[in-house]
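> Quick one: the structure is below, questions incoming.
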Amino acid sequence: MVAKDALTPLKSTRPLHERVHERMIELIHGGRLAPGQKLPAEVELARQLGVSRASLREALQRLAMEGYIARKRGIGTFVVGPKPFLMDAGIERLSSLTDIISTRGFEPGTTEYAIRAEPADTHWAERLGLAPGDMLTVVDRVRTADGRPFCYDRSLFPTHYLPSDLSHEEIGESLLLYVEARLGLYISHAIARVIPEQCDSFLSAKLGVPEGALILKLEEVNFLDDNTPVWCSEEYFPREYLTWHVVRTR
């Protein structure tokens, strides 16, 4: 049996199937849904969560694909348990890395945090709508999940958005939260590219990955609603730690 207080109606402005997916993962990682436990029938589960069966089915299908649950025709749906360290995230939704890590049951953290000023080269000047040589604030971080190196992140801001004399404590763990909560700017969309690369000696030392191993780079530019770019980032992930998926619809 599932504890009565474990499944409660969800309240959010986000798509309900995403909230169902995240809530179920929270319950599994928190031990409220144990390996081998049978879930209530879809009608009852949808009622307890306060969502439609269509939203529930979409979430359950994704959970099954990710290995959190197993669906046995004619018998029911069973909890498999927490996944290994590999995480999966939807690239079509704008989320902070802090949220991606925490909603999958891991503790986000940072082991290295360096802030410096440097002139924009042609590559970054073009993406940020600046002139080459304009000053940028560069934030270099090694992000962790449960203390394990998970991502090397380099973020670049025009200095009028992020002065280079700020401290780690003033900025906080999430740059997206800093921009929206502290600066009052709403990031409406981003353009991202996923690029496979070979790990070099620098990234090998940061991520604990052998040189030459395949890693994934997520290169992203974040925009306001009027298409003004606010910051760019390069995030490098060990291939075995994170997969990206895209929900395709007609």
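The values are calculated or read from the model by the stated rules, or taken from the named source; none is laboratory data. These figures come from a predicted structure and were not determined experimentally. Backbone-built Cβ (ideal geometry, glycine too); neighbour counts: all protein chains shown.
> Restricting attention to segment 190-205, does a residue exist that is among the hydroxyl-bearing types (Ser, Thr, Tyr) and loosely packed, with under 14 Cβ neighbours inside 10 Å?
Checking segment 190-205: at least one residue is among the hydroxyl-bearing types (Ser, Thr, Tyr) and loosely packed, with under 14 Cβ neighbours inside 10 Å.
> Against the definition (surrounded by fewer than 18 Cβ atoms within 10 Å (Cβ to Cβ), in contact (Cβ under 8 Å) with a residue 40 or more places away in the chain and touching a Ser or Thr at 6+ places or on another chain (Cβ under 8 Å)), how does Gln48 come out, yes or no?
yes
> Let me ask something else about it. Report yes if some residue within segment 211-233 is over 24 Å from Thr103 (Cβ atoms), in a strand (DSSP E or B) and free of Cβ contacts under 8 Å to residues at least 60 places away in the same chain; otherwise report no.
yes
> Just to be sure before I move on: is Leu214 in the same structural domain as Ala114 (by TED's automatic domain parsing), at pLDDT below 90 and among the hydrophobic types (A, V, I, L, M, F, W, C) in the structure I sent?
It is true that Leu214 is in the same structural domain as Ala114 (by TED's automatic domain parsing), at pLDDT below 90 and among the hydrophobic types (A, V, I, L, M, F, W, C).
> Now a separate question. Are there any strands (runs of 3 or more DSSP E) wholly within segment 2-106 with 2 or more residues that are at pLDDT 80 or above, and if so which?
The strands (runs of 3 or more DSSP E) meeting that bar are 69-72, 76-79.
> Name the pairs whose Cβ atoms lie under 8 Å apart, with the first residue in segment 107-135 and closer than 28 Å to Arg148 by Cα, the second surrounded by 12 or more Cβ atoms within 10 Å (Cβ to Cβ) and of a type in the set (Lys, Arg), and 6 or more positions between them or separate chains?
Pairs that qualify, where the first residue is closer than 28 Å to Arg148 by Cα and the partner is surrounded by 12 or more Cβ atoms within 10 Å (Cβ to Cβ) and of a type in the set (Lys, Arg), are Pro108/Arg143; Gly109/Arg143; Thr110/Arg141; Thr110/Arg143; Glu112/Arg141; Glu112/Lys206; Tyr113/Arg141; Ala114/Arg141.
> Can Gly81 be described as among the small types (Gly, Ala, Ser) and either in contact with an Asp or Glu (Cβ under 9 Å, 6 or more places away or on another chain) or surrounded by fewer than 15 Cβ atoms within 10 Å (Cβ to Cβ) (or both)?
no
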